[in-house]
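A.B. asks: Dropping a structure here in structure tokens format, bear with me for questions.
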Amino acid sequence: MAAISGTFNMCHPEQAERAKNLVRLRVLAGACRPLGVSVITLCTGSRDPQDMWRRHPDNDTPEALARYGRLHWPGPANCRSL
């Protein structure tokens, strides 16, 4: 397997939903090495609580734009720490 999808709605309007899925992403990342996978694909999502692929007017608000920079992702240099 070349990659595995870790896609979830990182911009979901409810913090609890984002936190729950970040935990799941960490579990998925922990399973990658035994599976021989070194790539996890991701997508930021949308502020739409029902459909992460649908455009939402709140995507362009200052709060949402600030959140995109605070997704609590450690960055490429620290990916192994997940």
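The values are calculated or read from the model by the stated rules, or taken from the named source; none is laboratory data. All values derive from a computational prediction rather than experimental measurement. Cβ coordinates were reconstructed from backbone atoms using ideal geometry, including for glycine residues, and neighbour counts include every protein chain displayed.
A.B. asks: On the basis of being touching a residue at least 40 places away in the same chain (Cβ under 8 Å) and surrounded by 11 or more Cβ atoms within 10 Å (Cβ to Cβ), does ASP51 make the cut?
C.D. replies: Here the answer is no, as ASP51 does not meet what is asked.
A.B. asks: Same structure, new question: Mind checking which residues of region 8-17 are in contact (Cβ under 8 Å) with a residue 12 or more places away in the chain and under 16 Å from LEU65 (Cα atoms)?
C.D. replies: ASN9, MET10, CYS11, HIS12, PRO13, GLU14
A.B. asks: Which of the residues belonging to region 12-38 are out of contact with any Cys (no Cβ under 8 Å at 6 or more places or on another chain), surrounded by 10 or more Cβ atoms within 10 Å (Cβ to Cβ), outside any helix (DSSP H, G or I) and not charged (D, E, K, R)?
C.D. replies: Listed by number, the residues that qualify are HIS12, PRO13, VAL37.
A.B. asks: Quick check on THR41: is it within 10 Å of the chain's Cα centre (by Cα), at pLDDT 90 or above and loosely packed, with under 13 Cβ neighbours inside 10 Å?
C.D. replies: Against the criterion (within 10 Å of the chain's Cα centre (by Cα), at pLDDT 90 or above and loosely packed, with under 13 Cβ neighbours inside 10 Å), THR41 qualifies.
A.B. asks: Of the residues that make up region 27-41, is at least one within 17 Å of GLU63 (Cα to Cα) and hydroxyl-bearing (Ser, Thr, Tyr)? Show your work before the answer.
C.D. replies: Let us first name the residues in region 27-41 that are within 17 Å of GLU63 (Cα to Cα), namely none.
The answer is no, given that none of the residues of region 27-41 is within 17 Å of GLU63 (Cα to Cα) and hydroxyl-bearing (Ser, Thr, Tyr).
A.B. asks: Within region 1-11, take every residue that is in contact with a Ser or Thr (Cβ under 6 Å, 6 or more places away or on another chain) and surrounded by 13 or more Cβ atoms within 10 Å (Cβ to Cβ) and give me the one that is farthest from SER38 (Cα to Cα).
C.D. replies: Going through the qualifying residues, I end up with CYS11.
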